[in-house]
Amino acid sequence: MTPLPLTDATVLNSLESLAAERATGALSGERGTFYLLAGRVAHVDSPFAPDLGLLLTGSGAVDPDGWQEALDRGGRRRSVGRQLVDSGRLAAGALELCHLGVLFDAAYFALGRTSRAPRFRPDIGHWLGAVRPVPVDAVVRESQRRRDQLQRIWPEPDIDNAPLVRVPGVRAAALPTRRGRALAQVDGVRTAAEIASALAWRTFPTLVELRRLAADGLVTTVSAPPVP
């Protein structure tokens, strides 16, 4: 698949400039939004990665009613994370670990190639609040590390975004438990992000399992219909 062309103002260049200016606000691109606090990344949202609420409730770490209560009480004040901790529904360390995982997962996609310049809106914050803001260069390094690791497993990046299907006529031998669970979700319709959401898994570990399945010849992308 041919990558989308980069514009003059890429997400990465914009992030680095905003970090140097110690800016606060939201940088939105085609594949996600970075929320900056004094030049650091406070949170990242991407439609290609499950959000924090889905992971916490799907894994049973926080019950759905408790999550909704935290949203209702802390959403407008941008303090949902603090509300979860102060109410005793989640330990501070557990929130921090889960938040960092979600942040890096979403950043992996949000830093991807784009066909248009991103848009920065100053003084826009995320409803979660500041949990542990991360330097921009650390986010960029981690995204590149993940990209390199996935490339070594299977070099076709379409696996990350396209609907996935099992390869016809190929039977899977005994698979590790997580890989088998990922394979069971491959139905010709779901993308990697939808599989991660269905399993309440973080995106990057899901991508690792799916690329390994592709390398084993068990999974491929759904072919696009021919153009008339």
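The values are calculated or read from the model by the stated rules, or taken from the named source; none is laboratory data. If you're wondering where the values come from, they're calculated on a predicted model, not measured in any experiment. Every residue, glycine as well, gets a Cβ built from its backbone with ideal geometry; the counts of neighbours run over all protein chains shown. Accessible surface is based on the protein model in full, side chains and every heavy atom, while ligands, DNA and RNA are left aside. Shrake-Rupley method; radii C 1.70, N 1.55, O 1.52, S 1.80 Å.
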Practice item. Go through the stretch 1-51 and give me each residue that's of a type in the set (Asp, Glu) and at pLDDT 95 or above. Key: Glu21, Asp45
Check your understanding: Is the stretch 171-186 home to any residue that is of a type in the set (D, E, K, R), in contact with a Lys or Arg (Cβ under 8 Å, 6 or more places away or on another chain) and not assigned by the TED database to the domain that holds Leu15?
Key -> yes
Study note, to complete from the structure: Of the listed residues (His43, His99), the one being touching a residue at least 24 places away in the same chain (Cβ under 8 Å), more than 28 Å from Ser115 (Cα to Cα) and touching a strand residue (DSSP E or B) at 6+ places or on another chain (Cβ under 9 Å) is His99
Study note, to complete from the structure: Checked against (1) touching a residue at least 60 places away in the same chain (Cβ under 8 Å); (2) farther than 23 Å from Ala106 by Cα; (3) crowded, with 18+ Cβ neighbours inside 10 Å, Ala215 satisfies every condition except (3)
Review point. What do you reckon, is Arg116 in the same structural domain as Gly39 (by the TED database), more than 21 Å from Thr206 (Cβ to Cβ) and not in a loop (DSSP other than H, G, I, E, B)?
Key: no
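Results for (1) in contact (Cβ under 8 Å) with a residue 12 or more places away in the chain; (2) open to solvent by less than 70 Å² (accessible area, probe 1.4 Å); (3) closer than 17 Å to Thr33 by Cα, shown as yes or no for each residue.
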| residue | (1), (2), (3) |
| --- | --- |
| His126 | yes, yes, yes |
| Pro133 | yes, yes, yes |
| Arg141 | no, no, no |
| Arg152 | no, no, no |
| Val165 | yes, yes, no |
| Ala184 | no, yes, no |
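Within the stretch 77-85, does at least one residue satisfy the condition of being loosely packed, with under 14 Cβ neighbours inside 10 Å and over 29 Å from Ser143 (Cβ atoms)?
Yes: the stretch 77-85 contains one or more residues that are loosely packed, with under 14 Cβ neighbours inside 10 Å and over 29 Å from Ser143 (Cβ atoms).
Here's a check for you: in the stretch 167-182, which residue that is small (Gly, Ala, Ser) and in contact (Cβ under 8 Å) with a residue 24 or more places away in the chain is surrounded by the fewest Cβ atoms within 10 Å (Cβ to Cβ)?
Ala172
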